[in-house]
Amino acid sequence: MATLGTAFMLLSYFPYFTYAVPAISGVLTLVVLIEIKGKWPLFTYIVTAVLVFLFAEPEAKFMYILFFGYYPLLKAVIERIRSRVVQYLLKFAVFNSAIFIIYGILSSIIGVDISEFGRYGIIGIACMLLLANVTFYLYDVVLVRVANIYMQMVHPKLKKVLK
């Protein structure tokens, strides 16, 4: 799965795949979490993160390493909390922290200062952050649905083959 995730991350060099590829690659960690459990999902994330760091496109690699790669694992831990409000507060806190760290790193590498955007630039950044949070919510919902589909369609067949 680590190799498949890394190979998939190489698609990030194609335009418009910068955000989709890390999000989809994170689903591969979810598969390991479902099938093997234990420490293997974490090891899969670590190996993939190292390979992605070496080979993937810069923005996509930070998206994977600092959020999408480990999020399915963290999601499983967070969802053990009974309160949905607390779950979502934690999820959004992790997501927004990751976004600020990622773009803080990227802006320091590129050398872009937020003041260069002017007054309307700040509004644009706020709108983008709002859209990012809506997209994250949808991603969170999709992860649950993908896991359910996997458990219904793939897991039983895989269980028979591996028996």
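The values are calculated or read from the model by the stated rules, or taken from the named source; none is laboratory data. Predicted model, so just to flag it, every value in this text is computed and none were measured. Heads up, the Cβs are rebuilt from the backbone with ideal geometry, glycines too, and the neighbour counts pull from every protein chain shown.
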Seminar exercise, completed: Checking Val47, Val94 in turn, the sole residue that is under 20 Å from Leu28 (Cβ atoms) and touching a residue at least 40 places away in the same chain (Cβ under 8 Å) turns out to be Val47
Exercise. Can you pull out the residues in region 20-51 that are more than 28 Å from Lys159 (Cβ to Cβ) and either in contact with a Ser or Thr (Cβ under 8 Å, 6 or more places away or on another chain) or buried (at least 18 other Cβ atoms within 10 Å of the Cβ) (or both)?
Worked result: Val21, Pro22, Ala49, Leu51
For this session: Could you tell me which of the residues Phe136, Phe62, Phe92 is buried (at least 17 other Cβ atoms within 10 Å of the Cβ), at pLDDT 95 or above and within 15 Å of the chain's Cα centre (by Cα)?
Result: Phe136
Seminar exercise, completed: Residue pairs qualifying under the 9 Å Cβ cut-off, at least six apart or on distinct chains, with the first in region 112-140 being closer than 30 Å to Ile24 by Cβ and the second being among the β-branched types (Val, Ile, Thr) and at pLDDT 90 or above, are Leu129/Ile99; Ala132/Ile99; Asn133/Ile99; Phe136/Ile99
Exercise. Which of (1) in contact (Cβ under 8 Å) with a residue 12 or more places away in the chain; (2) within 13 Å of the chain's Cα centre (by Cα) is the odd one out, the single condition Ala20 does not satisfy?
Worked result: (1)
Exercise. Going by the conditions given, is Ile81 of a type in the set (Val, Ile, Thr), over 24 Å from Leu4 (Cβ atoms) and free of Cβ contacts under 8 Å to residues at least 12 places away in the same chain?
Worked result: yes
For this session: Considering each residue of region 31-56, count those that are part of a helix (DSSP H, G or I) and either of a type in the set (Val, Ile, Thr) or modelled with pLDDT under 90 (or both), and give that number.
Result: 10
For this session: Identify, by number, the condition in (1) surrounded by fewer than 19 Cβ atoms within 10 Å (Cβ to Cβ); (2) farther than 15 Å from Leu143 by Cβ; (3) under 14 Å from the mean Cα position of the chain (by Cα); (4) among the aromatic types (Phe, Trp, Tyr) that Phe100 doesn't meet.
Result: (3)
Exercise. Residues in region 110-121 that are farther than 14 Å from Phe100 by Cα and either at pLDDT 75 or above or assigned to a helix (DSSP H, G or I) (or both): how many?
Worked result: 8
For this session: Could you list all residues from region 8-19 that are assigned to a helix (DSSP H, G or I) and either farther than 23 Å from His155 by Cα or modelled with pLDDT of 90 or more (or both)?
Result: Met9, Leu10, Leu11, Ser12, Tyr13
